[in-house]
Amino acid sequence: MAGDEECFYPRVMPPEGSVKRRTPLLLAIIIALPLLLLTWFGVRLQLDQQQVVAHQLSNLVTGRLQSIDSQFQEHFFMLQQRFMREADVLQQETAGQYTAESVRRFIGQSAVVKQVFILSAAGDRRFPPSDQPLNQQEQNFVELTRNLLRDPERFTMPTPDPVGAPGVVSEDYSSVNKRELQSARLSDSISQKPRYSPDISIQALSESTDLSAPERPHGWIAWYAETGLQQIFWLQDANGNTVGFALNSARLLSDLINLLPSSSGTGVDTTVVTELDMNSEIRLVNDRGEVAYSWGGDLVTGNAQKPLQTVPLSHPLASWHLAYYAAELPVVITGWLGLIVLLVLLAAGLSTLGYLLYREHSRELREAEQRVNFVNQVSHELKTPLTNVRLYTEMLEQELADDEPVAQRYLGVIGSEAGRLSRLIENVLSFSRAKREGVSVRYQQGIIDGYISQVVELFTPVLNGRNLKIRFSGNASQLCHFDSEALEQILNNLLSNCEKYAAEGEFVDISSWQEGETDRLCSYIRVSDFGPGVSAAESEKLFEPFYRGSDELTEGVSGTGIGLGLARDLARAHQGELTLEACPPDTSGAHFLLKLATPATVLTGRPDRKPDDETEEL
Amino acid sequence: MNTQSDKHMLRRTIRTFGFVLLSLLPVLAQANQVNLNINLATPVMEAERSHRAFIKVSLEGFKQQDKQARIPANVAIVLDKSGSMRGEKIQYAREAAIMAIQRLDERDVVSVVSYDSRVQVVVPATQVRDQRAIYNAIRDVRADGNTALFAGVSKGANELRKFLSRNKVNRVILLSDGLANVGPQSASELGELGASLAKEGISVTTIGLGVGYNEDLMTRLAGFSDGNHAFVENAEDLASVFQYEFGDVLSVVAQGVNIEINCRNGVKPVRLLGRESEIIGNRVTTRLNQLYSEQEKFVILEVEVPEQQAEVELELVTVNVQYDNLFTQHQEQLSGQSIARFSRSQQEVRAARDDKALEAAVEQVANEYSRDAIEARDTGDLERAKKILQDSASYLGSQAESLNSPRLQEQEAEALQDADALESEQSWNKQRKELKARQYKRATQQAY
């Protein structure tokens, strides 16, 4: 085309690119959505389960700690039994007098007792004796217990026997306990070996009194001495005397520690150390808040950590407590691990599936592209010979004398069919070009009506062949800028449609007009036929590529289904619109209205573009 | 004829043998008995004035007849494996324990307990048959963590209780190089535990390693249960200390020794030097957990004697001793008394003086001074502490001169050295441990 023409090329980008980007996005969503859902559910489930496990664990831990407590209670009960026996022996041995000498001998032999006191029924202190010199220990004891012994009423209110709930004692601990009991009995029996024991009668006595001992008031008292909690067991003997045994608190702790398992380390005590112990630590904390003993696994180190569970111990160890520390919950870890593995597997599966789908999809896209390219190339290959055919037909028409009507007619048919074919090819090429690089428009100066007349002239013979008459009323005679090729192509398509589908309509009306100012001049062209028309439902689909109206309409009619779509794309590229107008009620036919922006003057300074040469482009 | 004279000869020989055997009998019997000696340092006292007198009550374990016939031991070795033991200390401790156990055989029961913040029973109480397994278990002990000393001793004692018997030497051997920081940690609490264990016939020997341990706690624990105590500065010396200790353990001949001293005729007990004792009125009682073969253990009783006329003989105290003889497996009793004579003659008084007993008494008194000095130093009263030791030195010096005793002279020098050492701030920690250990050894006549 001419170089002095001012041109610009608005482009409508083809939708293909966005489709290409949309597909992976869609696939990603397909993968991500179930994953997210599953993650959410999984995490919720896991958290719930964690709570349940934590609850169960805390129950378990509480049970365990309570079983330890009841073990301690059992220890106190054993001590109680022993003290009751020993008190009986003391009483019988001294005929109720509790001579200082025999009480001292008893203290000297009993490893668990630190000191003994005896109050008479009237509340007077009988031991440590108030009328005899005392040894240092007794003096200290009297000093310490002055307040305690001042009100003997304390020793009239029995406290319930310390007995742990037997059901709570776990098997592990009870087995340990049994061993401890045995060893305790062993040491008992050793200390009472007849050879060394000054009182051979103790055993015999204890056995006999065990059965017949009437239930006398007795109880445990815990009181704060200077060094900490002190435990005292008291009971009233048959004469109303109160006999009190103050425990050696260091020895008591030592015994309690021996009731508790030692830590693993060498794996010797594997029966005692269960799996739960491996990951946790239990601490025995005394009334001053100090750790008296701890056992368990090695995982816990920090002191700042909060205990998972604490259980206060029962009387007479009140204000002591057991604290359970755990590093973390092993069960839950495996749960999370399972969830993560599941999610990873699912993600991998879905990704693979998505990738396969994507590959399949892009292969199809490629194949479709190849097919389009093929059609494109074929069309291109057809174009050149067809141009020649048309050229030579025209040349022959001019050369041929007028008196050969048959030949003239035949040539006319050849010419019009070749024209139709070339329009078809033009459509295909334009379509594929539009898909590839968008629609471009080249503005040229001209008169709209002139171009319409050309097209009408070109179509007249064709339409006449179908018994259609074109009625053209042109009112767009202003000089303006527009793309004549685009206009021609749009009109070609519209008129081809009339030829194909509206043959019984007799007329095809074309009217044109222009509106607006010089730089915003718009040209309108209306093409109306009187054929069967288009239903409202179809009116939008009509412009979609490859859509061809209803079956009865298209039956026996050839067509590619790209014409109207292309026409609309061209109109839009031309800053215009192609619409199907609703037809008036009692008429039939399709009314297409084409609107084009056809400015009378055009902005200059646009870079000149080399005229579009399709052969080069392809 | 011949046959008759032969018969005569035979009879005579048999009779001679019989006599010999008969005369040996009391000796043999004697050989298996503990020797009780009561020595009054001043058997003759000046008349017409009151006196402070020292009475030495000593017991000597009889000789073990036969090395093979020793008393079976029931030993729990309690090893500190806290973080501070890391490195060669724990290595030496392990080897020392293993070497010591090598002296035991299948009559004996051994257990090994280790403790850091927790307690592990490394070897539960077991008869020493498969020594290799025991050694391997000991070699697995690695140092780490804190010091749960109380629990360690408790578990050690508990292992002993599985085979506890009065016919065995029941002993916990505790090795520690640090302060107890898990569980009870005061000297008094550990002392209480020791006293309780002693009532069961268990004694605790404490070995302090390095300069980081609490010597008060360790000596109290040992003192209340009548075990030994040693201060080992270098871990290399652990092996020899363990050897000594096991030597002691394997030479025990008597256990559960109760000494009861009753003062008569207006004599008042003042104090019993060296050991924990109970004084009620005129009655003084103390207790030794065991007597070792051929080792003399003694206590010094200081009494106040009222003034007497000249030429009066006065019974000051009567002594009763009860003990379990591990060989005869019987409880045996010994008794004796101490009688003083009063005279106006200074010469007589001096001539009768029992130098040995007095020397022992002076030693114990000086030992008490030394204890007081530590106490004073602990309260920060450096001057007083120093003065006490100087007093002690001059006391030792004057006594050494009058008794002509090189031993006391040595101790005088020692006391002066100690007085100097008090001032040094940086070496006091070590000095204190040495002093404590020395005092303990003197007071209990520990063999090593």
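A short reminder: the numbers here are calculations on the coordinates, not readings from a lab. This structure is a prediction, so every number in the text was calculated from the model and none was measured. Neighbour counts are summed over all protein chains in view; Cβ atoms, including those assigned to glycine, are modelled from backbone coordinates with ideal geometry.
Laid out as a table, the results:
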{"read-out": "DSSP-defined beta bridges in segment A:444-601 - what % are antiparallel, rounded to 5", "value": "75"}
{"read-out": "For A:ILE470, distant residues with modelled amide H under 5 Å away", "value": "A:VAL508"}
{"read-out": "Sites A:ASN239 and B:SER398 - FRET efficiency at Förster radius 41 Å, r taken between beta-carbons, to 0.05", "value": "0.10"}
{"read-out": "Packing-based exposure ordering (other Cβ within 10 Å, fewest first) of A:CYS480, A:CYS498, A:CYS583", "value": "A:CYS583, A:CYS480, A:CYS498"}
{"read-out": "Number of partner chain Cβ atoms within 10 Å, mean per residue of B:142-148", "value": "2"}
{"read-out": "Within a Gaussian network of chain B (alpha carbon springs, distance under 10 Å), most fluctuating of B:ALA352, B:ALA69, B:ALA393", "value": "B:ALA69"}
{"read-out": "Kirkwood Rh in Å, taken over all unlike Cα pairs in segment A:444-601", "value": "15.8"}
{"read-out": "Proximal charge balance of A:THR393 [Cβ under 12 Å; K/R count +1, D/E count -1]", "value": "-3"}
{"read-out": "Integer Hz, Karplus 6.51/-1.76/1.60 couplings in order for segment A:314-326, x for Gly and Pro", "value": "7, 3, x, 9, 3, 6, 9, 8, 9, 10, 10, 10, 10"}
{"read-out": "Theoretical FRET efficiency, 1/(1+(r/R0)^6), r = Cβ-Cβ of B:VAL211 and A:GLN49, R0 35 Å, to 0.05", "value": "0.05"}
{"read-out": "Pairwise FRET efficiency - B:MET99 versus B:GLU233, Cβ, R0 = 30 Å, nearest 0.05", "value": "0.95"}
{"read-out": "Euclidean distance between Cα centres, segment A:571-590 to segment B:376-396, Å", "value": "125"}
{"read-out": "Distant-in-sequence amide H partners of B:THR147 (H built 1.01 Å from N, under 5 Å)", "value": "B:ASN181, B:VAL182"}
{"read-out": "Environment charge of B:GLU434, counting only residues whose C-beta is closer than 11 Å and scoring Lys/Arg +1, Asp/Glu -1", "value": "+2"}
{"read-out": "Cα gyration tensor, segment B:275-340 - rounded (a/c under 1.5), prolate or oblate", "value": "prolate"}
{"read-out": "Within-10-Å neighbourhood charge of A:HIS591 [Cβ basis; K, R +1; D, E -1]", "value": "-2"}
{"read-out": "Given A:LYS500/A:LYS541; B:LYS199/B:LYS297; B:LYS268/B:LYS386; B:LYS162/B:LYS436, the pairs whose alpha carbons are separated by over 29 Å", "value": "B:LYS268/B:LYS386; B:LYS162/B:LYS436"}
{"read-out": "Two-site label geometry, A:GLN92 and A:ASN373: point separation in nm, points 7 Å out along Cα→Cβ", "value": "11.6"}
{"read-out": "Calculated on alpha-carbon atoms, Rg and Dmax of chain B in Å", "value": "25.0, 95"}
{"read-out": "Within straight-line cross-link reach of B:LYS81, aspartates and glutamates at Cα separation under 15 Å, skipping those fewer than 8 residues along the same chain", "value": "A:ASP298, B:GLU95, B:ASP116, B:ASP140, B:ASP144, B:ASP177"}
{"read-out": "Most fluctuating residue given options B:GLN346, B:GLN431, B:GLN399, as computed from a GNM of chain B linking Cα atoms under 10 Å", "value": "B:GLN346"}
{"read-out": "Label-point gap, in nm, between A:GLU381 and A:VAL142 - each point 7 angstrom along Cα→Cβ", "value": "13.2"}
{"read-out": "Full-stretch length increase - B:GLN445, B:GLU383 - with 0.36 nm per residue and alpha-carbon distance subtracted", "value": "19.3 nm"}
{"read-out": "Whether segment B:356-444 is rounded, prolate or oblate, judged on the alpha carbon gyration tensor where a/c under 1.5 counts as rounded", "value": "prolate"}
{"read-out": "Sequence-distant residues sharing a close amide H with A:ALA326 (under 5 Å, placed H)", "value": "A:GLU281, A:LEU308"}
{"read-out": "Segment A:458-531 and segment B:331-361: distance between their alpha carbon centers, rounded to Å", "value": "155"}
{"read-out": "Cα gyration tensor category, rounded, prolate or oblate, for segment B:71-250 with a/c compared to 1.5", "value": "rounded"}
{"read-out": "Equivalent ellipsoid semi-axes - Cα gyration tensor, segment B:233-281, angstrom", "value": "37, 15, 7"}
